[in-house]
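> This is the structure, below, for whatever I ask next.
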Amino acid sequence: MCGVPLGMQFRTSHSLARNVVSHGLTTIEVLAALSLVTIALLTLVGANRFTVRFLSDRRRESVAASLARMRLERIAGATCAASAGIDSSEGVTLRWTATANGHVAMVDEQATYLLAIGTHSELFQGSVACH
């Protein structure tokens with residue numbers, strides 16, 4: 001190296017590019033990360049809505065079965081006679097009829113309630129010994 005004092009070196013643009021250290025994120029990287037976080041949060045919200053709707057529907061189904069069972073137990077404790085009526089609880093309507101045949105009551109019960117997909121109707125039939 002002629003004419004260059006000892007200890008001095010020339011750097012080319014290539015060697016400068018190698019020594020650049022990045023501090024921080026680019027706008028594109030930040031936007032991409034925010035997009036991923038937004039998609040993840042929206043997925044969780046959607047799953048949560050589905051879970052709440054599912055549990056609400058199962059609750060109404062449970063109430064319908066409980067109303068039908070309670071009506072059957074009341075008929076079993078009563079005297080054998082034809083009867084009919086409507087019970088309602090927690091958004092469930094139960095229409096029932098009982099016909100007597102000696103010491104046995106035949107009971108038809110129809111529960112109607114609203115689910116996320118629309119109105120649902122369920123039929124319960126049973127017979128009980130009555131007094």
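Laboratory data are not the source of any read-out in this text; all were calculated from the coordinates shown. None of these values were measured; they are calculated from a predicted model. Cβ coordinates were reconstructed from backbone atoms using ideal geometry, including for glycine residues, and neighbour counts include every protein chain displayed.
> Hey, can you grab everything whose amide H is under 5 Å from the amide H of Cys130? Only 5+ residues off in sequence or another chain; H modelled, so Pro and N-termini drop out.
Sorted by chain and number, the residues that satisfy this are Val104, Ala105.
> Sort 55-65, 34-44 by the packing proxy (mean of other Cβ within 10 Å over each peptide's residues), most packed first. Walk me through the intermediate numbers first.
Details: 55-65: 15.3, 34-44: 10.0.
Peptide ranking by packing, descending: 55-65, 34-44.
> Would you work out if region 16-131 is rounded, prolate or oblate? Take a ≥ b ≥ c from the square roots of the eigenvalues of the alpha-carbon gyration tensor; rounded if a/c is under 1.5, else prolate when a/b is larger than b/c, oblate otherwise.
Details: a/c = 7.72, a/b = 5.90, b/c = 1.31.
Prolate, since a/c reaches 1.5 and a/b exceeds b/c.
> List, in order, the whole-Hz ³J(HN,Hα) value for each residue of region 37-51 obtained from phi through the Karplus relation with A = 6.51, B = -1.76, C = 1.60 and θ = phi - 60°; use x for Gly and Pro.
Whole-Hz 3J(HN,Hα) from phi for region 37-51: 5, 4, 4, 5, 5, 5, 5, 5, 4, x, 5, 5, 4, 4, 5.
> While we're here: Over region 64-108, what is the mean sequence separation of C-alpha contacts under 8 Å (at least six apart), divided by residue count, expressed as relative contact order in percent? It would help to have the intermediate numbers written out before the result.
On the way: 56 pairs, mean separation 16.0, N = 45.
For region 64-108, the relative contact order is 36 percent.
> Please list, in order along region 88-105, the HN-Hα scalar couplings obtained from phi with the Karplus expression 6.51 cos²θ - 1.76 cosθ + 1.60 (θ = phi - 60°), rounded to whole Hz, x for Gly and Pro.
Listing the rounded values in order: 8, 7, 6, x, 10, 10, 10, 9, 9, 9, 10, 10, 9, 9, x, 9, 10, 10 Hz.
> Moving to a separate point now. Can you quote the Å³ per residue value for the convex hull of the Cα atoms in region 71-122, rounded to an integer? Don't skip to the answer; put the middle values down first.
Values: hull volume 3.5 nm³, N = 52.
Spelled out: Cα convex hull of region 71-122, divided by residues, is 67 Å³.
> Counting only residues 5 or more places away or on other chains, whose amide H sits under 5 Å from the amide H of Leu114 once H atoms are built in the peptide plane?
His120
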